[in-house]
Amino acid sequence: MSTLTAGSTAARTHTVDASPYRLSFAHLVRGEWIKLVTLRSTWWSFGMVALISIGLSLLMATSMSAFLGDSGPLSVAEINAQAVMVVLFSTVLTQLLAVVIGAISVTGEYSTGMIRSTLTAAPQRIPSLLAKALVVGVSLFVSTFVVFVIAALVTGPILPTGAMDLSDLNSSLMPLLGASFYLAIIAILGVGIGFIIRNGPGALAAGIGLVFVAPLIVGFFPRIPDLEWLHTLASYLPSNAGQSLFMGSPMSGDVLETVPAVLTLIAWAVVALVGGSTVLKTRDA
């Protein structure tokens, strides 16, 4: 009897493993992609990122063309520095939209009850969280990089110093990739915060407070020896680390080198996802 039971169990396990309909991580990624692109709010948010990025870049380039005089011969690095500043100026605002996209991709499921269907299909829970973070992060990285390239192309003929010179990739292409990476990390941070708080307004308030308000508040404190620790700590806030990465001038705190800035951003994303995973595993949907 026990031999027959063991044989039946082994046969069922083999059947499940061999089934083409077994839910894999690739299936979860595809499901999260379908959910993301079928939300109207997603297209509005991505559209706003494109509109703000290209619109502000055009405005700044036109202003520089009208008010800046002849600056004389410039090096390639100096020409690219101006072009990059014009293209990436808008990240001060689009980082907020990145938080929104990440947070609402989670809290929207909780508000509609879709999260119960997701967790019924993927009872292990953590793979669905990772799939959502992957889809949101990659979508933000690709879309914002395309937007930055378009902004560089349309503002190049307007700038008095000329278009970006791609012969020096470190001062032209790398800052654009760094800014796209930063916005992708901020969106993943929004996903983690969304799973932790599970409420739309609360998640947006926490995300915007961390990304935008915290570095501003630090800027109000004077840089005196007794408060130097506060400014050093502020260097590791997500937005300050990101601006160190692609602009070389954070809103507050000190400038971080490239590797510490990248590691800081990854650490923030990991901490947010670990917090979200803990809440997702321990609380009912």
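Annotation: extensible slack from N170 through I150 equals 5.3 nm (criterion: 0.36 nm per residue apart, minus Cα-Cα distance). In the assembled protein chains, E228 presents an accessible area of approximately 70 Å² (probe radius 1.4 Å). For the residues Y236, Y182, Y110, a 1.4 Å probe over the protein chains yields an accessible-area ranking, largest first, of Y236, Y110, Y182. In the chain, helices alone account for a calculated mean residue ellipticity at 222 nm of -25000 deg cm²/dmol, with every DSSP H run of four or more residues adding -39,500 (n - 2.57).
Can you grab the distance from the C-alpha centre of the stretch 36-51 to the C-alpha centre of the stretch 120-191, Å, no decimals? Here the answer is 15 Å between Cα centres. Residues L177, L166 ordered from highest to lowest accessible area at a 1.4 Å probe: L166, L177.
The accessible area of D226, taken with all protein chains in place and a 1.4 Å probe, comes to roughly 120 Å². Considering only the Cα atoms of the chain, their convex hull presents on average a projected area of 20.4 nm². Were the residues from L23 through W229 laid out at 0.36 nm apart, the gain over their Cα-Cα distance would be 69.3 nm. Two tests apply to each whole DSSP H helix in the chain, Cα reach of 30 Å or more along its axis and mean Kyte-Doolittle hydropathy of at least 0.0, and the ones passing both are 40-67, 91-112, 126-155, 173-197, 258-282. Taking all protein chains into account, the per residue accessible area for the stretch 61-148 stands at 42 Å² (1.4 Å probe). For the stretch 153-221, the solvent-accessible area of protein heavy atoms averages 41 Å² per residue (probe radius 1.4 Å; ligands and nucleic acids excluded). Using 0.36 nm per residue and subtracting the Cα-Cα separation, the extra length available between R125 and A50 on full extension is 23.7 nm. Solvent-accessible area of the stretch 60-174 (1.4 angstrom probe, protein heavy atoms only): carbon and sulfur portion equals 70 percent.
The calculated FRET efficiency for the pair T282 and L59, based on their C-beta separation and a Förster distance of 45 Å, comes to about 0.40.
The values are calculated or read from the model by the stated rules, or taken from the named source; none is laboratory data. None of the values given here were measured: they were computed from a predicted structure. So basically every Cβ, Gly included, is an ideal-geometry build from the backbone, and we count neighbours across all protein chains shown. Surface areas here come from the heavy atoms of the whole protein model, side chains and all, with no ligands, DNA or RNA. Shrake-Rupley method; radii C 1.70, N 1.55, O 1.52, S 1.80 Å.
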